[in-house]
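The values are calculated or read from the model by the stated rules, or taken from the named source; none is laboratory data. If you're wondering where the values come from, they're calculated on a predicted model, not measured in any experiment. Here Cβ is always computed from backbone atoms with ideal geometry, including for glycine, and neighbour counts include all displayed protein chains. Surface accessibility is based on the protein's heavy atoms, side chains included, excluding ligands, DNA and RNA. Shrake-Rupley method; radii C 1.70, N 1.55, O 1.52, S 1.80 Å.
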Amino acid sequence: MGEGGDGSSKPTPYEEALDALSSLITKRSRADTSNNGDCFELLSDYLKILELDEPISQLKIIHVAGTKGKGSTCTFTESILRHCGFRTGLFTSPHLIDVRERFRLDGVDISEEKFLAYFWWCFERLKEKASDGIPMPSYFRFLALLAFKIFAAEEVDVAILEVGLGGKYDATNVVKAPVVCGVSSLGYDHMEILGNTLGAIAGEKAGIFKPGVPALTVPQPDEAMCVLEEKASELNVPLQLVRPLDANLLNGFKLGLEGEHQYVNAGLAIALSSTWLQRTGHLEVPYPEHTTSLPEQFIKGLTATVSLQGRAQIVPDNNESPEDLVFYLDGAHSPESMEICARWFSLSIKGDSQEKILSCQPLDASRSSHDLVQRKPDGKSRKNSTQILLFNCMSVRDPQLLLPNLMKTCASHGVYFKKALFVPNTSVYNKVGSHSLPATDSQVDLSWQFALQRVWENLMLGDKGGDEKSTGAVFEELTDDTEMAVRSCENSAVFPSLPSAIKWLRDSVRKSQSVRFQVLVTGSLHLIGDVLKLIKK
């Protein structure tokens with residue numbers, strides 16, 4: 001922040017742009033269709049105002065929808081094609097810290113200078129033409145339009161677009177003729193908008209299918225697969241089922257993104273990339289699914305360090321004792337992804353506590369989670385480890401589906417949480433950018449967090465597993481230090497803000513010199529972004 005002539009704080013040009021972007025955010029539920037700016041038909045008017053119809057038709061686009069893994073699939077696909085020598089553009093959502101994360105050119109977030117130039121070019125033209133009939137577009141729709149402008153002006157060879165929500169009425173679906181479409185794993189999410197059955201959800205995701213354009217998907221539940229096949233048949237779309245990548249094809253290297261489920265996403269990315277290469281004249285035929293080898297560029301693209309924050313990410317606290325407070329970040333927010341998250345966390349902490357210590361700089365986003373730990377010479381753990389859950393999810397999601405899956409999967413691996421902390425989001429939904437983080441509001445409505453706590457406590461009553469001997473006394477020692485907690489129960493606590501929960505964790509580390517805290521942060525990508533902002537300070 002700069003200083004004005006009267007000594008007052010003056011926003012930077014970038015903060016001014018973020019404030020303007022914030023004006024497009026409403027506090028309405030995403031299921032509320034009362035705002036005309038959300039009308040899908042208006043997108044054609046916005047494209048005309050921005051003179052983007054022709055430029056979009058020239059882009060060679062890969063379009064990806066899905067419930068789980070679409071961001072990872074897009075990230076792998078971009079990396080493969082970049083290593084093949086192409087200029088790439090990647091549009092993903094949501095961002096966790098900086099909105100520029102959504103727009104990548106050649107694998108790097110767009111520069112502030114370019115972002116500002118393209119942002120104001122689009123914003124001012126739309127503002128000039130805005131009327132009651134054609135209002136300013138809503139937040140995500142503006143960002144999608146901005147992505148089209150950036151990729152067209154930067155003349156990328158390939159634009160990889162991740163669907164924001166659903167498919168049929170998503171802002172990215174103004175694309176009329178992508179080169180190839182993909183559908184990652186489907187599951188139950190955003191049911192208030194997409195429907196209460198897997199068939200209904202699959203129908204919305206299949207809305208990105210275009211007549212005659214190849215579509216690729218991964219193994220799906222039968223109900224979802226039947227709908228995808230039906231929609232593909234109606235549009236004469238060749239639909240191909242893609243199997244997970246065989247790890248042996250990586251020649252001993254590891255995938256750039258961590259987790260067993262990433263082999264499913266990598267398999268889809270390989271098929272999307274090879275189909276794109278074939279249909280754009282760079283390859284005679286796509287690589288067969290059961291190939292015995294992959295091109296070197298594909299292996300490099302899959303195994304290179306890729307940055308996808310908030311997905312199976314391990315980050316030490318940027319504080320006094322980073323090795324004693326470690327955050328395991330995963331933005332899982334559906335029942336299926338919660339199981340995957342729990343399995344990843346359980347396997348990660350077991351290896352970490354038995355034979356690894358932290359040896360990296362905090363928040364090095366350019367490095368993968370593989371690089372965050374290394375073996376201690378004697379292979380022994382330095383301290384006892386305690387697992388803490390830091391959780392929040394949107395009120396449209398059902399904690400009775402999320403929390404039991406998390407607890408049961410961890411328990412099946414012998415992992416039991418000693419305390420669950422429930423917090424509201426620090427970020428506010430009508431602002432963008434870290435400069436807009438609000439001060440702690442003692443009057444914040446915590447009724448949803450109390451509801452989450454009740455679910456957790458009831459689950460704990462039915463599952464009292466775990467070894468209480470080594471670390472149970474820690475919380476007896478800490479129970480007096482709960483002035484920051486609104487309500488502390490035996491197995492959980494509700495905090496009025498995320499900063500107060502982080503403070504409690506840091507105080508706990510200082511008071512418990514013999515214990516190392518491993519904190520799983522999950523339930524919401526908004527929460528993940530907030531934690532990253534706070535522990536970066």
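Taking all protein chains in place and a 1.4 Å probe, what share, in percent, of the accessible surface of segment 36-301 do carbon and sulfur account for?
Roughly 49 percent, rounded to a whole number.
Rg to Rh for segment 36-301: what is it, with Cα atoms only and Rh by Kirkwood?
My calculation puts Rg/Rh at 0.96.
Once you've got the Cα coordinates, tell me which of Lys254/Lys533; Lys383/Lys533; Lys419/Lys503; Lys350/Lys511; Lys168/Lys231; Lys350/Lys383 are over 20 Å apart.
Violating the 20 Å Cα-Cα cut-off are Lys254/Lys533; Lys383/Lys533; Lys350/Lys511.
Work out how much length Asn319 to Asp246 would gain on full extension: take 0.36 nm times their residue separation and subtract the Cα-Cα distance, in nm to one decimal.
Value of the extension gain: 22.3 nm.
Over segment 383-432, with the other protein chains present, what is the accessible area per residue in square angstrom, probe 1.4 angstrom?
That works out to 34 Å² per residue.
On average, how much accessible surface per residue is there in segment 36-301, in Å², for a 1.4 Å probe, leaving out ligands, DNA and RNA?
40
Positive end of the charge dipole of segment 36-301 (Lys, Arg +1 and Asp, Glu -1 on Cβ, about the Cα centre): tell me which of Ser131, Leu43, Ile270 has its Cα farthest that way.
Highest projection toward the positive end goes to Ile270.
Set the Förster distance to 45 Å, then compute FRET efficiency between Glu223 and Ser447 from the Cβ-Cβ distance, nearest 0.05.
Result of the calculation: an efficiency of 0.85.
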